[in-house]
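S.K.: Okay, handing you the structure first.
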Amino acid sequence: MLLIREPYWRFTQKWQLDLFYFVGRILYLFSLFLNFRRAHTLTVLFILTCALGYVTLLEETPQDTAYNTKRGIVASILVFLCFGVTQAKDGPFSRPHPAYWRFWLCVSVVYELFLIFILFQTVQDGRQFMKYIDPHLGVPLPERDYGGNCLIYDPGNESDPFHNIWDKLDGFVPAHFFGWYLKTLMIRDWWMCMIISVMFEFLEYSLEHQLPNFSECWWDHWIMDVILCNGLGIYCGMKTLSWLSLKTYKWQGLWNIPTYKGKMKRIVFQFTPYSWVKFEWKPASSLRRWLAVCGIIFVFLLAELNTFYLKFVLWMPPEHYLVLLRLVFFVNVGGVAMREIYDFMDDPKFHKKLGQQAWLVAAITATEFLIVVKYDPYTLTLSLPFYITQCWILGIILVLTWTAWRFFIRDITLRYKEIRRQKQEHKYEKDKCLSNGDGHSSILDEQNGSKLRERKL
């Protein structure tokens, strides 16, 4: 507590003294946190061995096969996480602590292995296996009514004519806002965020015949989602990115700060980036970057769709904690994956291979989609309405046409014009030389003429 250089006898009231000791305790815990910047591999190994020795020598193993199986799987996962946190390779992020990002890297491996296990089960066994995680799972979801009355003002309901709007203002509204705020911090580009936001609404329109919860009112799609929730989240995210890009990244040791207010500010800034890299995707600069940006948008949209389709095929209600944990997982691994993808695109000579977290995120997204395909192929093969098919075909043709024009036809045209210009310049110089009659260039004649004029003067 005495590390704070403001003596406690200056505080005259009890609440001030309590606050002083509270801040001192926080600083003490933060100093312990900073002490664990090193991996402490031997310490973790010793604690882990002691814990396993206690279970082996002092605990009596219960005669419950299901309980022992669950506890053995959990213990195996914990041992792997301990190994990964201490031994895995660091990623591009170091705040608040490198071990934090190593932990999520190991969680990615565990989640991918879990998905592969589910993929190799039969549909019935896979759904019933979810009961080992939560006994309430493994039962078909009840039918729900989505869409319904889309009137903004309902004159038939005299007590509350705006009841349709109030019914939509549930917990998913702040979830949409914070979700897009965090996605903006990952992508760091306004245009890409807006394209993904609008494209997902078109996907909901296109796939509402497969999943009933995609059926929403027009004002729910474009006003509440795109403009209010998504648009406001993207706006706040871009403002945060602007602040982070202008912030001065000059770090000072905690105990070199004289006041406890400065120390608390330093603790808060520990959860901000160590340095800042502005993402400049430049999709139209080359065919490689254009394909990479299109691939990023595709994976983003596929991961969003997997959220809804996994709930549908594995019989998980939308409010289940596993759905929330999956979103928290993607929030933590998505930022690292985007940074690794950008580094791989921006400097391929230095970053010769795709980052480990980006590789795992792509594998997880693909495995989730394969689970959906295996568990409910009937839903996925429901044919699109004819007008929806026409719209998607038109959109794909426009994208392919623009790609061919921008990176092939336009380049060939510009190259042809440049060659033609060079030939015309060469022909013009040749004709100008021949017009002198003696084979001398006009430039030499002009120089000689100027010398004669100087002599006459």
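S.K.: Within the stretch 107-115, is there a residue that is closer than 28 Å to Lys278 by Cα and open to solvent by less than 80 Å² (accessible area, probe 1.4 Å)?
M.R.: yes
S.K.: Still on this structure, please answer the following. Taking the residues in the stretch 70-106 that are modelled with pLDDT under 90, of a type in the set (Lys, Arg) and within 17 Å of Arg339 (Cα to Cα) as candidates, determine which candidate is most open to solvent (accessible area, probe 1.4 Å).
M.R.: Lys89
S.K.: Any idea which of Leu81, Leu119, Leu141, Leu113 is under 30 Å from Tyr67 (Cβ atoms) and outside the structural domain of Asp64 (by the TED database)?
M.R.: None of the others qualify; the one that does is Leu141.
S.K.: Now a separate question. Which residues, counting only those in the stretch 298-312, are closer than 17 Å to Glu340 by Cβ and open to solvent by less than 50 Å² (accessible area, probe 1.4 Å)?
M.R.: Within the stretch 298-312, Phe300, Ala303 qualify.
S.K.: Follow-up. Please count how many residues of the stretch 196-212 are of a type in the set (Ser, Thr, Tyr) and open to solvent by less than 40 Å² (accessible area, probe 1.4 Å).
M.R.: Number of matching residues: 2.
S.K.: Read through the list (1) of a type in the set (Asp, Glu); (2) in a loop (DSSP other than H, G, I, E, B); (3) farther than 26 Å from Gly335 by Cα; (4) open to solvent by 70 Å² or more (accessible area, probe 1.4 Å), then give the number of the only condition that Asp125 fails.
M.R.: Single failed check for Asp125: (2).
S.K.: While we're here: Just the residues that are open to solvent by 30 Å² or more (accessible area, probe 1.4 Å) and over 20 Å from Trp101 (Cβ atoms), please, taken from the stretch 318-345.
M.R.: Answer for the stretch 318-345, where residues must be open to solvent by 30 Å² or more (accessible area, probe 1.4 Å) and over 20 Å from Trp101 (Cβ atoms): Pro318, Glu319, Tyr321, Leu322, Leu324.
S.K.: I'd like the residue in the stretch 346-381 that is surrounded by fewer than 19 Cβ atoms within 10 Å (Cβ to Cβ) and of a type in the set (A, V, I, L, M) and, out of all such residues, is farthest from Leu115 (Cα to Cα).
M.R.: My answer is Leu354.
S.K.: For Met199, are the conditions met, namely being assigned to a helix (DSSP H, G or I), of a type outside the set (Val, Ile, Thr), farther than 24 Å from Thr381 by Cα and in contact (Cβ under 8 Å) with a residue 12 or more places away in the chain?
M.R.: No.
The values are calculated or read from the model by the stated rules, or taken from the named source; none is laboratory data. Model, not experiment: these values are computed from the prediction. In this analysis, Cβ positions are derived from the backbone assuming ideal geometry, glycine residues included, and neighbour counts consider all displayed protein chains. Areas reflect the complete protein model, heavy atoms only, side chains present, ligands, DNA and RNA absent. Shrake-Rupley method; radii C 1.70, N 1.55, O 1.52, S 1.80 Å.
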